[in-house]
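This report refers to the structure that appears directly beneath it.
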Amino acid sequence: METTLKTSKKRTGPVLFSNYQQAYGIKKAIELGRENILLELKDSGLKGRGGAGFSTATKWMLSAAANAEKKFIVCNADEGEPGTFKDRVLLLEYPELVFDGMVIAGFTIGAKIGIVYLRGEYEYMLPLLEGFLNNMKEENLLGKNILEKEGFDFDINIRLGSGAYVCGEETALIESLEGYRGEPRNRPPFPVNTGYLGYPTVVNNVETLASIPHIIYKGGEWFKKNGTDKSKGSKLFSVSGDCGKPGVYELQWGTKINELLEIVEAKNCKAVQVGGASGVCLPKSQFNRSLAYEDAATGGSIIIFDENRNMLKILINFMEFFVEESCGQCTPCRVGNTKLLEGVKNIEKDEYTFSYINKLKELGKTMQAASKCGLGQSSPNSFISILDNFKEEIFYSNSKGIKNVKA
Amino acid sequence: MLKRENIRIPVSQQALVIEKPIDITTIGGTVTIQINEKKVFVPFGTTILDACKENQIHIPTLCHHPDLCIAGVCRICVVEVEGLRTLQTSCSFPVTSPIKIHTSTEKVRKARRHIIDLLLSEHYGECYSCFRNGNCELQSLAKEYGVDGYSFGHILEPKYKVDKSSAAVIRDMNKCILCKRCVRTCIDLQEVGVLEAINRGHETHVGTFLDKPLADVICINCGQCINRCPTAALRANDPSDEIWNAIDDPQKHVVIQTAPSPRAAIGEEFGIEPGHSFTGELNTALRRIGFDKVFDTNFTADLTIMEEGTELLRRLKKAVVEKDSSVRLPQFTSCSPGWIKFIEHFYPEYLDYLSSAKSPQQMFGAVIKTFYAKESKIDPADIITVALMPCAAKKFECNRPEMNASGFKDVDYGLTTREMAKMIREAGIHLPEMPKSNFDEPFGNASGAGLIFGATGGVMEAALRTVYELVTGREVPFENLRIESCRGFEGIKQASIKLENCVESNNFLEGVELKFIVAHGTANAKKVMEMLQRGELSDVHFVEIMACPGGCLGGGGQPIPTSEEIRRKRAQAIYEEEEGLPVRKSHENVHIKYIYENFLTDGPCGELSHKLLHTHYTKRGKYIS
């Protein structure tokens, strides 16, 4: 299939970019049966690739156990985290992985409909993806009695988002699918019990779903050969910023940041933002940390900053993003982010005291604890990490030399 | 009986609905949880908030309201649940497993304090220049948590223009804290859906369709949003300054009519527990303030019964005797101006079903400026009529262009219970201390039937007492005239009464089962209208609808706060007062007999009453230009 990406080339990698023939996963899934699929998945240790890292097997088991007349599989393709573009590559170059993954998910939990919630900006992919789905229908990989398996019906629809970052949050995504304002829901209830239209719904990231056919076809044992103890398999990293070779890389979990910087030919690197705007910013002294759920966790976004970057400007950029992209529903996130942005701007204007900065950091901790969804819970991450890790640059020096230290 | 089902409540605003076990002694019926090291047993599915309340632990709330679905947006009620990384909102968290809860750890206290600080930083204005001073939930939270400064600054310039376009409701979004109670009131409780959150992030605000002025959208003016607003973002359009001016003007003869519901609730404004009527005290207070005459709206409630009841009998006669298929049945009541605007917007094709009788407020206005002016020899141009109502929509109603049958504006000002209390306080009067006094002649004290108009089902009960007696010549066959099937707070009540041994003039109704429906709250009105659309009301004769939950006693002009418990107490006060009255049927009110003998001489629904006491409606539709 053709793609519109300039970087298009045959990629290699240990798991996702390894060989896979369409439909093999589905065939194997039918052979295994539901319970064995769940066992295989549990064995693989696959965790959600969107960033939160919830066990995929548990999620599937909960919704498979839920008793309801309808169930849904939703593919979260609202790739909105600044600095991520791996899902775009998967959807354009490996749609068979994503869609096979959805079919297998539907088979396992007993859903008959899958929905791809596609980022509004990816509208250009629509004809390609729909053409691909049509092919699958012709080959009886979608529709009624898939691969002659009696009662195995599954169909996939694609729905477009409208550009709100918060709609990447699974419950806000479901609200958006239902036609309401994209606002996160209260939990409990969780989507696995009460999701789209009130029915049990599994919302999985594109990359999570793309891992499924490999795991089912090649086995959980094979999958967990890669990675660390707590982070099994491999991960796609969207690398951008100041480096020689930006792009999408498949690397094992546990890869050190240093190693990654070497691979992407980053020179004079000062800071690495792991996990996008909602992630943390690490200084050189922490480049020996490894990329894994248990250490430097990320949904895939790696942004590299070299010596010439102004960390305060970067932070302002991030905070402006959150001020605008908060859904505006809950107090800590809606007002908290504006206060943090105000604080950073005051630092820029040199109008601050350290007690004020500490007060804002405390506020950041409240936002992490008391916000309704992941957006507000993670938006203070870059604020706190940049101010902590780049104190020298931000508070004690400017282009003219050393600043006066304030009380 | 009917149930409210399939209402639109966004799932984001729902808590997990757990069916609570009927018998909590069954296995799994209760869960043992720990609140602050104390072991307690709670029914499965109870929210943490309720569990704490039962165990005398106060948890602050802001976006939570007993009448509304859960939102979980203000985050003030957060608590720590062991094993969970983040704090949990106690209002939305159902207890389904033996969890351990901590309600006042450092993390919790800090978070709550931060949230109050954040809300205050964006809440424009100062408390001393705010009409909700002393009755503001944000203010009391700030006090509770000892806020003594603005930790994150305080907004100094207003961000939004105050929307004063509506005759009934004024919106000042600078005071809004985005708890969205008004949104939930409008969409979920009343199913009108005028208010919704607009924009995102720090630009989020509650607004109307395309941010149009409230007067230009399909707001029905019920004012329920005002009653549920925790701050001063919503208020009624207050005419008290104009009323003071009229009182101060020696040329003007200022008369006031008082509706039953404000009398049953105004004590709450003076620190009295809900459930006490202050009718006599209020009469004295109003005279001391300077009103020239104090009249009882129940007089025109009785008049409404005569007119509306006669209209119903005529419709029935046309339908039964003359087999006239153009007659619209059931007849819907027309006393509630919120309901009138609702049907004008949402069901304009069904306006013929409405009784053409004006509401008691407007009837009184017309009677005062004609009959009363003549009797007391005062130039109607010098008369100012004020109506004390539990209602925000009455303000819009008295400004309707068609409401000038007397040749003047029939009712000059509609005043809410809250505004009246403010005027009384301003005059240095403490209402509960006032001696009691009666209403002024020539209208005097009205019947109890008029009084119960204040509670949902009251109009129906009053109408049945009169219609049944007119048709059969006998009193309604219920102990102490209590028609229990009209009473109570069920959303939609359906009942019937058989007409037997009719008097000769009405013997066409012999054996007819008079069927009626009573609904309150426009969400229930919508259900009834949908039943009408489906043709399910073909055997129903009379429908009473009130726009506000609980009827007028839960009106948008009543004291804040409101809850079903408070509304029940107000209803109880009304029914208790009613049983003590000497006259309890509208047609036995001597003043009613007098006005039909001496002024409206061609009887109910006659030519003059048609001119003065009846009205027409406007097909508004839902489309906003």
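Here the 3J(HN,Hα) profile of the stretch B:104-114, calculated from phi with Karplus coefficients 6.51, -1.76 and 1.60 at θ = phi - 60°, is 8, 6, 4, 4, 5, 4, 4, 4, 5, 4, 4 Hz, Gly and Pro shown as x.
For the stretch A:243-291, averaging the sequence separation of C-alpha pairs within contact (under 8 Å, six or more residues apart) and dividing by the residue count gives a relative contact order of 44 percent.
About its Cα centre, chain A has a charge dipole of approximately 900 debye under the convention of +1 per Lys or Arg Cβ and -1 per Asp or Glu Cβ, with nothing else charged. Of the Cα atoms belonging to the stretch A:311-402, the radius of gyration and Dmax stand at 12.9, 43 Å. Calculated mean residue ellipticity, 222 nm, chain B: -8500 deg cm²/dmol, from DSSP H runs (n ≥ 4) at -39500 (n - 2.57) each, averaged per residue and rounded to 500.
Projecting the Cα atoms of A:THR298, A:LEU261, A:ASN310 onto the dipole axis of the stretch A:240-315, where Lys and Arg carry +1 and Asp and Glu carry -1 at the beta carbon, places A:ASN310 farthest toward the positive end.
Measuring from label point to label point, each 7 Å out along Cα→Cβ, what is the A:GLU348 to A:LEU128 span in nm? Result for the modelled spin labels: 3.6 nm.
Along the stretch A:293-307 the Karplus relation, 6.51 cos²θ - 1.76 cosθ + 1.60 evaluated at θ = phi - 60°, assigns HN-Hα couplings of 4, 7, 10, 8, 7, 7, x, x, 7, 10, 10, 9, 10, 9, 4 Hz to successive residues, with x for each Gly and Pro. Put a dot 7 Å past the Cα of B:ASP211, heading toward its Cβ, do the same for A:ASN135, and the two dots end up 4.8 nm apart. Simple spin-label estimate for B:GLU597 and B:ASN404 gives 3.6 nm between the two label positions (7 Å along the Cα-to-Cβ direction from each Cα).
Under 13 Å from the Cβ of A:THR171, count the other residues' Cβ atoms, weight Lys and Arg +1, Asp and Glu -1, and hand me the total. Local charge sum for A:THR171: -2.
Over chain B, what is the mean sequence separation of C-alpha contacts under 8 Å (at least six apart), divided by residue count, expressed as relative contact order in percent?
That works out to 16 percent.
Directionally averaged projected area (the protein assembly as shown, Cα convex hull): 48.0 nm². Counting only whole DSSP H helices of chain A, the ones at least 20 Å long by C-alpha along their axis and with mean Kyte-Doolittle hydropathy no lower than -1.0 are A:95-109, A:311-325, A:331-348, A:354-370.
Summing Lys, Arg as +1 and Asp, Glu as -1, what charge do residues with Cβ under 10 Å from the Cβ of A:THR194 carry, A:THR194 excluded?
Spelling it out: positives minus negatives among the neighbours equals +2.
For chain B, the alpha carbon convex hull comes to 170 Å³ per residue, rounded to a whole number. Helical content alone sets the calculated 222 nm signal of chain A at -12000 deg cm²/dmol, taking -39,500 (n - 2.57) per DSSP H segment of four or more residues and averaging over every residue.
Between B:TYR150 and B:THR618, the FRET efficiency from the beta-carbon distance, with R0 = 41 Å, is close to 0.30. Placing unit charges on the Cβ atoms only, positive for Lys and Arg and negative for Asp and Glu, gives the protein assembly as shown a dipole magnitude near 2580 debye about its Cα centre. Going by neighbour counts of Cβ atoms within 10 Å, the residues A:SER55, A:SER44 line up, fewest first, as A:SER55, A:SER44. Sequence-distant contacts, meaning Cα pairs under 8 Å at least 6 residues apart, place the relative contact order of chain A at 17 percent. Taking the number of Cβ atoms within 10 Å of each Cβ as an exposure proxy, the fewest-first ranking of B:MET529, B:MET306, B:MET403, B:MET546 is B:MET403, B:MET529, B:MET306, B:MET546. Evaluated at q = 0.24, 0.26 Å⁻¹, a Debye calculation over the C-alpha positions of the stretch A:234-306 (equal weights, vacuum) places log10 I(q)/I(0) at -1.09, -1.33. Note on B:LYS143: aspartates and glutamates with a C-alpha under 13 Å away, same-chain residues under 8 apart excluded, are B:ASP117. Rounded to the nearest 0.05, the FRET efficiency derived from the C-beta distance between A:ASN157 and A:LEU62 at R0 = 30 Å is 0.80.
Counted over all Cα-Cα pairs of the stretch A:24-223, pairs farther apart than 20 Å make up 51 percent. In the structure displayed, which of B:LYS374/B:LYS409; A:LYS28/A:LYS230; B:LYS374/B:LYS611; A:LYS28/A:LYS218; B:LYS526/B:LYS619; A:LYS42/A:LYS230 lie more than 19 Å apart, Cα to Cα? Beyond 19 Å between Cα atoms: A:LYS28/A:LYS230. Structure note, pairs A:LYS365/B:LYS38; A:LYS232/A:LYS256; B:LYS293/B:LYS585; A:LYS59/A:LYS365; B:LYS493/B:LYS527: Cα-Cα distances above 18 angstrom occur for A:LYS365/B:LYS38; B:LYS293/B:LYS585; A:LYS59/A:LYS365.
Computed over the alpha-carbon pairs of the stretch B:373-454, the distance histogram in 5 Å steps reads 3, 11, 14, 19, 23, 20, 8, 2, 0 percent, short to long.
Based on alpha carbons, the Rg and Dmax found for the stretch B:237-339 are 19.7, 57 Å.
Just so you know, all these numbers are worked out from the coordinates, no wet-lab data involved. As the structure is a prediction and not an experimental result, all values here were calculated from the model. Cβ coordinates were reconstructed from backbone atoms using ideal geometry, including for glycine residues, and neighbour counts include every protein chain displayed.
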